[in-house]
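Below is one structure; the comments refer to it alone.
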Amino acid sequence: AAFVPIDNDQPEIRADKILEIAKIKCLIGEKEETHKYREKYKWIDKDSVILKKSYDEIVNDNFDDVAYVIFTSGSTGEPKGVVIEQQAVVNTIIDINERFQVKDKDSILALSQLHFDLSVYDIFGMLATGGTIVIPEKVRYKDPSYWLMLVEKWNITVWNSVPAFMEMFVDYLERFYKGEKLSINKILLSGDWIPVKLPEKICRFLKDVRIYSLGGATEASIWSIYHECKMGESYNSSIPYGVPLSNQGFEVLDANMKPCPDMVQGELYITGKGLAKEYLGDVSKTQSSFFWLNNKRIYKTGDFGRYLRNGEIEFLGRKDSQIKISGHRIDTGEIENAIMDCCSGKNCCVTTVDWNNEPKLVAVIVPKEDEKKDEKSVREALKRYLPQYM
């Protein structure tokens, strides 16, 4: 069966939408959970699950089967379900493990929540090679002092996170760490811009580490492009997006769907085996984002970039209402729709401001003439519609 991860902290209204769109048949959860879903769905206590079949009996060779559905932010206010097949995600996992020489002796600190697709590699990338997954306790999963304890206790060798988490970790090490060299030897950073000075700061604590910048989309099986940040290499404006992973392609196309020359900005499209099957239950959205060009199926990312003279691609950001905060891709339209639903205002606009060198969401709301709403009441109402990062 395919799995659909739903964050326990997901607001009730949004969780209901996901369950409805995905036509969920059963839920697996903690034994002590007693919320309303126990009555509406078949409920499986995860601690009571017993595997009754051997490994060989479970595995099949149908690569077209759906592996998982991850829901992302949608411009209409409805979350979008990205459907990924077995073949697509297995292609990424095998490539990463072989390219970065991930072995059975490796161990990873699983910092990404299950509804964020970096977690797919944390789990299945390590299980595929026989490595170890160390899962932090949820109450402390954003605590860098706790991360350091786990890295030292379990000899963590692979770090896979958004750049902001690695920044937090390095900042903590700079202030408090006095020990010997840490065990981490492979760092995978993706989901957001990597500060140009971060690789240099990492190398002060991890002398023999290899640092990889990865990119792509949830719609293309975790990652599709990579760049290795070499020791001693310095960057001016940004770290290159890089070159495509195996069996995947990245193209920079102009408004006429023709390849752009070097150093000329165009829109980024992904091709190859990693592409999602569809947006669940949304034919029009699927057809507008995935289509055929020159006998290749292609995905329109909405991102912009350009070819550098060395053949790599430079990422230049977006030109639409989508933004990224801490690796989460957010369509501001979903927030605006939620505000209008819960505040019944006349109009609103959501944008970002720079706050201590980090993007921060800001909503400007035009209330109806007779309506009095303070910031606190709006925030409380929105908690029923939007996850915390929105």
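The values are calculated or read from the model by the stated rules, or taken from the named source; none is laboratory data. Since the structure is predicted, the reported quantities are computational estimates derived from the model, not experimental observations. Cβ: placed from backbone, ideal geometry, glycine included. Neighbour counts: every protein chain shown. These accessible areas exclude ligands, DNA and RNA; they are computed on the full protein's heavy atoms, side chains included. Shrake-Rupley method; radii C 1.70, N 1.55, O 1.52, S 1.80 Å.
Some notes on this structure:
- Centroid-to-centroid, using Cα positions, the stretch 241-303 and the stretch 120-179 are 32 Å apart.
- Antiparallel content of DSSP bridges confined to the chain, in %, to 5: 75
- Rolling a 1.4 angstrom probe over the chain with all protein chains present gives an accessible area of which 50% lies on carbon and sulfur atoms.
- 10 Å binning of all Cα-Cα separations within the stretch 272-390, expressed as whole percents from 0 upward: 10, 30, 30, 20, 8, 2, 0
- Counting every C-alpha pair in the chain, the share spaced more than 33 angstrom apart comes to 35%.
- Trypsin sites (Lys or Arg not before Pro) within the stretch 306-390: DSSP coil, no more than 13 neighbouring Cβ in 10 Å: ARG309, LYS319, LYS346, LYS368, LYS372, ARG384
- In order through the stretch 302-313: 3J(HN,Hα) via Karplus (6.51 cos²θ - 1.76 cosθ + 1.60), integer Hz, x for Gly, Pro: x, 8, 10, x, 8, 6, 8, 5, 8, x, 7, 10
- Ranking by accessible area, most exposed first, for LEU316, LEU109, LEU27 with a 1.4 Å probe: LEU316, LEU27, LEU109
- Sparse-neighbourhood loop sites, GluC sites (Glu not before Pro) in the stretch 350-385 - DSSP loop, at most 14 other Cβ within 10 angstrom: GLU369, GLU371
- Hull volume in cubic angstrom per residue (convex hull over the Cα atoms of the stretch 104-234): 105
- DSSP-assigned coil residues among GluC sites (Glu not before Pro) in the stretch 192-266, each with at most 14 further Cβ atoms within 10 Å: GLU233
- Long-range amide H partners of TRP43 with built H, under 5 Å: LEU27
- For the chain, the per residue solvent-accessible surface stands at 54 Å², with DNA, RNA and ligands left out and a 1.4 Å probe.
- Structure note, pairs LYS230/LYS277; LYS142/LYS277; LYS36/LYS373; LYS36/LYS360; LYS142/LYS376: Cα-Cα distances above 27 angstrom occur for LYS230/LYS277; LYS142/LYS277; LYS36/LYS373; LYS36/LYS360.
- Positive-pole candidate from SER107, ASN91, SER73, dipole of the stretch 73-118, charges at beta carbon: SER107
- Surrounding net charge for PHE169, when Lys and Arg each add one and Asp and Glu each subtract one, Cβ distance under 14 Å: 0
- GNM result for the chain, Cα springs below 10 Å: residue of ASP331, ASP47, ASP64 fluctuating most strongly: ASP47
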